[in-house]
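S.K.: Below is the structure I would like to discuss, written out as C-alpha cells.
Here, each number is a calculation from the coordinates, and none is a lab measurement. Keep in mind it's a predicted model, so treat the numbers as computed, not measured. Note that we place each Cβ from the backbone using ideal geometry, even for glycine, and neighbour counts take in every protein chain shown.
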Amino acid sequence: MEFTPNNPVIQLCMQGIQLEETENPEEGCKLFLQAWDKATNDFEKFLAAWFIGRCQVKVPDQLSWYETALEFALKADNDAVKGAFIALYSKIAQCYEELGDIDKAKKYHELALSSVNQPSDKGPFYHGTRADLDVGDLLTAGRTSNYQSELVMNHIYFTALVNGAGLAAALAKGDGAERVYIVEPSGSFEDDPNVTNKKFPGNPTRSYRTSEPLKIIGEITDWQKQTPEQLQQWQEKLAKNKGEIIN
C-alpha cells in the first residue's frame, strides 16, 4: 500500500507521535492501540505494533509487540517496510539483552547487520520541482536546498510515490509551475536518511537520494494536489523544523 497521511491508521499514529512529543505518552499509546484496532492489512498492523511496542514500560511487553511488528513487516514484503528491518532486529536484540538471553540477542544483532543493503525499489521514480525541464535533461547534485538556503546539497532526491513528488514540487522554491518528472537513476542510490527510521519506521515515503545524475524520461501531470490550507500547514511545519539536514 502507499503511505498517505489520509489513511486513518497513519493519522492515529501521527496524532500519537504528537502527544509523545508534548510529553503525554500515555495518551499517545492509547491512539496507537486504536490504530491497531483499525488496521486492516499487514502494513498498517506493522506500523501500529511498532508504536505500541515503543511505548511499553515492561521489556517482555516491548519484545512481544516488536516481534508482532516484525511478523507483519515480513508479511507486508514491500519497499516501504524494508528499511525498518535494521531498527526492528536491533530493538528485539536489545530486549533479549535486557532479559538476559544472550544467544537470541546475538542472533538478532546479526540479522540487523545483514539487513544493511542497497534499496531494491524498482520504481517508477519521480522528482518534484518548479524547474522547466525536458526529456533527456539531467538533474544533478550541487544545488541549494529548498529548506535551508545556505546549504548546497551533495545529493539529488527522488521518490517512488508520485504524490510525494507532487508535494515536493509544491514546496519547491521559485515561481514556476509545479512539475513532477519521471526520472531514472544513473547510478546507485540509498534510502533518504532524513526520513528513514525517523518518526515512522522504515522508509514509508519511499524517498531516496543519489550523488549520480537523474535522467528525466517523462512527466506526470495528474497527482493529488495540496489544498491551500494543507500547503500552508506543510510550510509552517518546515518553518518550525530546525533539525539538521543529513547531507
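S.K.: Would you mind getting me the FRET efficiency between K106 and S64? Use the beta-carbon distance for r and R0 = 30 Å, nearest 0.05. Numbers along the way, then the final one.
M.R.: On the way: r = 20 Å, r/R0 = 0.67.
Plugging the Cβ-Cβ distance into 1/(1 + (r/R0)^6) gives 0.90.
S.K.: Put a dot 7 Å past each Cα toward the Cβ at N6 and L133; how far apart are the dots in nm?
M.R.: 2.7
S.K.: Then there's this: For the chain, which cysteines have no second Cys with its Cβ under 4.7 Å from theirs?
M.R.: Cysteines of the chain left without a disulfide-compatible partner: C13, C95.
S.K.: A further question follows. With Cβ to Cβ distances under 13 Å as the rule, what net charge do the other residues near E44 carry (K, R +1; D, E -1)? Let's see the in-between values first.
M.R.: Numbers: positive: K38, K45, K75; negative: E2, D37, D42.
Its environment carries a net charge of 0.
S.K.: Between Q235 and E190, take the C-beta separation as r, use R0 = 30 Å, and let me know the FRET efficiency to the nearest 0.05.
M.R.: Working: r = 27 Å, r/R0 = 0.91.
Efficiency, rounded to the nearest 0.05: 0.65.
S.K.: Hey, could you grab the Kirkwood Rh for region 144-207? Inverse mean 1/r over distinct alpha carbon pairs, Å, one decimal. Working shown, then result.
M.R.: Values: mean 1/r = 0.0759 Å⁻¹.
Evaluated over region 144-207, this radius sits at 13.2 Å.
S.K.: Quick one: if the Förster radius is 30 Å, what FRET efficiency do I217 and R143 give, using the C-beta to C-beta distance and rounding to 0.05? If you can, show how the numbers build up before the last one.
M.R.: On the way: r = 20 Å, r/R0 = 0.67.
The formula returns an efficiency of 0.90 here.
S.K.: Once the Cα gyration tensor of region 51-171 is diagonalised, what are the square roots of 5 times its eigenvalues, in whole Å and ordered largest first, as equivalent ellipsoid semi-axes?
M.R.: Working: eigenvalues 300, 47, 42 Å².
Largest first, region 51-171 gives 39, 15, 14 Å.
S.K.: If you don't mind, there's one more thing I want to ask. Compute the normalised compactness of the chain: alpha-carbon radius of gyration over 2.2 N^0.38 Å, N being the residue count. Could the numbers behind the result be given before it?
M.R.: Numbers: Rg = 19.2 Å, N = 247, 2.2 N^0.38 = 17.9 Å.
Compared with the compact-globule rule of thumb, the chain sits at 1.08.
S.K.: Can you list which of the GluC sites (Glu not before Pro) found in region 155-247 are DSSP loop residues with at most 13 other C-beta atoms within 10 Å?
M.R.: Working: sites: E178, E190, E219, E229, E236, E244; in loops: E178, E244.
Sparse-neighbourhood loop GluC sites (Glu not before Pro): E244.
S.K.: How many angstrom separate the Cα center of region 66-84 from the Cα center of region 149-200?
M.R.: 24
S.K.: Here's another thing I want to ask about it. Which loop-located trypsin sites (Lys or Arg not before Pro) does region 1-64 contain, where loop means any DSSP state but H, G, I, E or B and the Cβ has at most 11 other Cβ atoms within 10 Å? Intermediate values should be presented prior to the final figure.
M.R.: On the way: sites: K30, K38, K45, R54, K58; in loops: K58.
Sparse-neighbourhood loop trypsin sites (Lys or Arg not before Pro): K58.
S.K.: Just check region 1-98 against the gyration tensor rule for me: Cα atoms, a ≥ b ≥ c as the square roots of the eigenvalues, rounded for a/c under 1.5, and otherwise prolate or oblate depending on whether a/b exceeds b/c.
M.R.: On the way: a/c = 1.84, a/b = 1.05, b/c = 1.75.
Because a/c hits 1.5 or more and a/b fails to exceed b/c, region 1-98 counts as oblate.
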